[in-house]
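Beneath this line is the structure, given in structure tokens, with notes to follow.
The values are calculated or read from the model by the stated rules, or taken from the named source; none is laboratory data. Model, not experiment: these values are computed from the prediction. Virtual Cβ from ideal backbone geometry, glycine too; neighbours counted across all protein chains shown. Ligands, DNA and RNA are stripped out before the accessible areas are found, and what is left, the full protein with its side chains, is counted by its heavy atoms. Shrake-Rupley method; radii C 1.70, N 1.55, O 1.52, S 1.80 Å.
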Amino acid sequence: VQTATEERRHNLARAETMARLGHFRSTVGTTEFNWSEGTYRITGKSPESFTPTLSSVLDFIHPDDRPILEQYRRDVLAGLDPPPMTLRAVKDDGQIIYIKSWSAPVRANDGTVTGMFGTLQDVTAHRQAEEALLEVASVARLVPHAAGVAAVVTHESGAQLLGAAGHV
């Protein structure tokens, strides 16, 4: 028989899988992060062979996006609530994925920032669909007297997006 706590953990893990979502937490004064199963799944890492530290997380982030993450982390640990950000990450197989992350400070009862808590979501499919639609729009602009150009982009998940450009 599952306890209420076990059921909540199971439901959280299930929700993270369905939403391609993960969460993490870090504490001021340490360099290690506590990752959920969903975060390991998104990153393609294993809790048995990978310890998430500030250094290893930065290594995972695309080199051009590392300064963005470092500033975002500094802002959160300074007590700010910055808006979500989207970063590129490079998996061990070289695949580039897009991760949307949102973090907030964790505070002690006296208001002192003691760490940060955040979520991350794999938005790669969404980003690829956006890029495909931009490409369709770009092609449509090249056709000078077209009455209209439309395209259907089908993602591997089966989701379809319709892009259209009117009279150009």
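Things to note:
- Förster radius 35 Å - calculated FRET efficiency between ASP81 and ARG141 (Cβ-Cβ, nearest 0.05): 0.35
- Sequence of ARG73, ARG25 when ordered by accessible area, the most exposed leading, probe 1.4 angstrom: ARG25, ARG73
- Computed 3J(HN,Hα) for the range 16-23, one whole-Hz value per residue from the Karplus formula 6.51 cos²θ - 1.76 cosθ + 1.60 where θ = phi - 60°, is 4, 5, 5, 8, 6, 10, x, 9, glycine and proline marked x.
- Other-chain or far-sequence residues with amide H under 5 Å of HIS23's (modelled H): SER36, GLY38, THR39, LEU120
- Contour minus Cα-Cα distance for THR112 and THR51 (0.36 nm per residue): 19.3 nm
- Prolate/oblate/rounded call for the range 1-111, Cα gyration tensor, a/c under 1.5 rounded: oblate
- Approximating the spin labels as points 7 Å out from Cα along Cα→Cβ, the ALA104-to-THR30 distance works out to 2.1 nm.
- Here the spin labels are modelled as points 7 Å beyond Cα on the Cα-Cβ line, and at ARG9 and ASP93 they lie 2.9 nm apart.
- Derived scalar couplings ³J(HN,Hα) [the range 128-134; Karplus, 6.51 cos²θ - 1.76 cosθ + 1.60; whole Hz; x for Gly, Pro]: 5, 5, 4, 5, 5, 5, 5
- Relative contact order for the range 1-156, counting Cα pairs under 8 Å that sit 6 or more residues apart, in percent: 19
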